[in-house]
Amino acid sequence: MPEDIAELSEDSFDDEIGRSALPVLIDFHAPWCIDCRRLEPALQQAAEDFRGRLKVYKVDVDMQEALGRRFGISTIPVLVLLSGGCEVKRLVNVKDKLRIVEMIETFGAPRGPDAAGETPS
């Protein structure tokens, strides 16, 4: 797993989310899910683009069933954006980075300098 994206467990969830002053993006996934694997590069790029302004985590719904139930996850992949510990947006079966970035910028964190070195206005 990329170093920018940590895996959450039921034991670590409340501590990690509760102490985060930054918005949090959670990817609910499973290793057998083809769409989840296809989402990985876009998710990793978003984690890199928003480093220092957003925390990105993954939750394996097969291993962490209680977290899946807690968030009402019935299909995957699902991305949930939390701000102040509260859900502000959810994307189901998202496939592209643009939708992820739009969600984060609208409800979470402003984008920092982009790959071309430009800063947001």
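Here, each number is a calculation from the coordinates, and none is a lab measurement. What you are looking at is a predicted structure, and each value in this text was computed from that prediction instead of being measured. Because the Cβ atoms are built from the backbone with ideal geometry, glycine has one as well, and the counts that use them run over all protein chains shown.
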Compare 85, 52, 68 in a GNM of the chain, Cα atoms joined below 10 Å, and give the one with the largest fluctuation.
52
Given points 7 Å out from each Cα along the Cα-Cβ axis, report the residue 7 to residue 62 separation in nanometres with one decimal.
1.1 nm
Sites residue 75 and residue 99 - FRET efficiency at Förster radius 22 Å, r taken between beta-carbons, to 0.05:
0.85
By per-residue mean of other Cβ atoms within 10 Å, what is the highest-first order of 89-102, 69-82?
69-82, 89-102
A chain fully extended from residue 88 to residue 14 at 0.36 nm per residue, minus the present Cα-Cα distance, gains in nm 24.9 nm
Amide H neighbours of residue 94 at under 5 Å, excluding residues fewer than 5 places away on the same chain, with H built from the backbone geometry, are 79
Quotient of C-alpha Rg and 2.2 N^0.38 Å, computed over the chain
1.00
Please report the antiparallel percentage of DSSP beta bridges with both residues in the chain, rounded to the nearest 5.
55 percent
